[in-house]
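Q: Have a look at the structure that comes next, please.
Any read-out appearing in this document is the output of simple, stated calculations on the displayed coordinates, not a laboratory observation. Remember, predicted model here, so these are calculated numbers, not experimental data. Don't worry about glycine lacking a Cβ; one is built from the backbone with ideal geometry, like all the others, and counts go over all protein chains shown.
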Amino acid sequence: MTGSDGRDDEDFDAPRARPYTATKGRTEPQIHLDLAALVLNTGACHPDTLQFEHASALSLCGSPVSVAEVAARMAQPVVVARVLLSDLIRIGAVSSSQAPSDSLETQLLERVLIGLRNL
Amino acid sequence: MASVTSDLYPDPVKIIIAGGFGAGKTTMVGSISEIPPLTTEEIITTASEDVDDLAGVEGKTTTTVALDFGRRTIHEQNLVLYLFGTPGQDRFWFMWDDLRLGALGAVVLADTRRLEHSFAAVEFFEHRGLPFVVAINQFDDAYRYPGSAVRAALQLPDHVPLLLCDARDRPSVTRVLIALVEHAIQRRIPGAAHHDLTGSTT
């Protein structure tokens, strides 16, 4: 199909750096982290004691930040950020929020509604 | 898992902005976001059938999907909204369960010049039971069709809200999001026929 604006989706297939180098080939995080789960540096681990990729992920977690944001700011696929953050959680360097639950509480929806109306 | 005090973290809320290529999704994300929209991507593994599973990796295909997203913190309610814009005509995001699971709902942004580009998203959310609204992005040079014509063209069920918006305009985008949340809440009221949760605060 040719859209009138051309086709900008082509570059998704472009060759790219091997994404799993940063995780030493691991593709499965040990802890499931939602895209929008928030993570935060606990201060328990000094970055110097970590490998470069872990330290660079940790450096992005100074305030609550989503997994998606860590991935974007590291210019890595989400799965890579997940593996690194899951490692950091396991050693206590990072804590994580509850993931958005599969069935959102009505009370949460009402808070969103009030918040949006007051924007 | 160690419990975490709720005041340490705001509650994250995921909202999906879907629609056809060029419908203004990234513009919409940018209008509401407090940060310039970020881009990230995910590697999706899809199982392909009828291939022998020799070593646990064969028989699977990986594909990369990109998405733009923005963030909006609502301090007053200790919330942080994440708006994820799905890529143009790439349909692989349909396989990205993590994008959909736990999401509050979705906005299907439509362009009346290319309504057919919105079919896939409408069908997907309808099928998956995720609350969604359709927002017609009012491009300056687009003919203004009546809502009923758009609804008919999209085969949109009556219960799905249809709105007009300007994706560049923050108040307009906010109204779309409000309509989505109201719709999501109304769906939880059994047998409810509420059409007016939109009243201004008293």
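Q: Using a basic spin-label model with each label point 7 Å from the Cα along Cα→Cβ, how many nm lie between B:Leu163 and B:His75?
A: 2.5
Q: Using the Karplus equation 6.51 cos²θ - 1.76 cosθ + 1.60 (θ = phi - 60°), what ³J(HN,Hα) coupling, rounded to whole Hz, does each residue of the range A:108-117 give in order, writing x for Gly and Pro?
A: Result, ordered by residue: 5, 4, 5, 5, 4, 4, 4, x, 5, 5 Hz.
Q: Check B:Val80: other-chain or 5+ apart residues with amide H under 5 Å from its amide H, H built from backbone geometry?
A: HN-HN under 5 Å from B:Val80: B:Asp11, B:Val13, B:Ile74.
Q: Okay, next question. Tell me the net charge near B:Gly70. Cut-off is 13 Å between Cβ atoms, B:Gly70 excluded, with +1 for each Lys or Arg and -1 for each Asp or Glu.
A: +2
Q: Have a look at B:Ala66, B:Asn137, B:Leu101 and report the one farthest towards the positive end of the charge dipole of the range B:17-188, computed about the Cα centre with Cβ charges (Lys/Arg +1, Asp/Glu -1).
A: The Cα lying farthest towards the positive end belongs to B:Asn137.
Q: What residues have an amide H closer than 5 Å to that of B:Gly85, excluding those fewer than 5 places away on the same chain, when H is modeled at 1.01 Å from N in the peptide plane?
A: Amide H neighbours of B:Gly85, under 5 Å, 5+ apart: B:Ile17, B:Asp68, B:Phe69, B:Gly70.
Q: Then there's this: So how much slack lies between A:Gln98 and A:Arg26, counting 0.36 nm per residue of separation and subtracting their Cα-Cα distance, in nm?
A: Gain in length upon complete extension: 23.5 nm.
Q: Count charges around A:Arg117 for me, please; just the other residues with Cβ under 13 Å from its Cβ, Lys/Arg as +1, Asp/Glu as -1.
A: That sum, taken over residues with Cβ under 13 Å, equals -1.
Q: Please turn the phi angles of the range A:26-40 into ³J(HN,Hα) values with the Karplus equation 6.51 cos²θ - 1.76 cosθ + 1.60 (θ = phi - 60°), one per residue in order, whole Hz, x for glycine and proline.
A: Calculated HN-Hα couplings, in order: 7, 10, 10, x, 7, 10, 6, 10, 5, 3, 9, 5, 9, 10, 8 Hz.
Q: If you don't mind, another one. Given labels modelled 7 Å from the Cα in the Cβ direction, how far is it in nm from B:Ala142 to A:Thr49?
A: 5.5
Q: Using the crude model of +1 on Lys and Arg Cβ and -1 on Asp and Glu Cβ, and no other charge, please compute the dipole size for the range A:17-117 relative to its Cα centre, in debye to 20.
A: Magnitude of the dipole: close to 200 debye.
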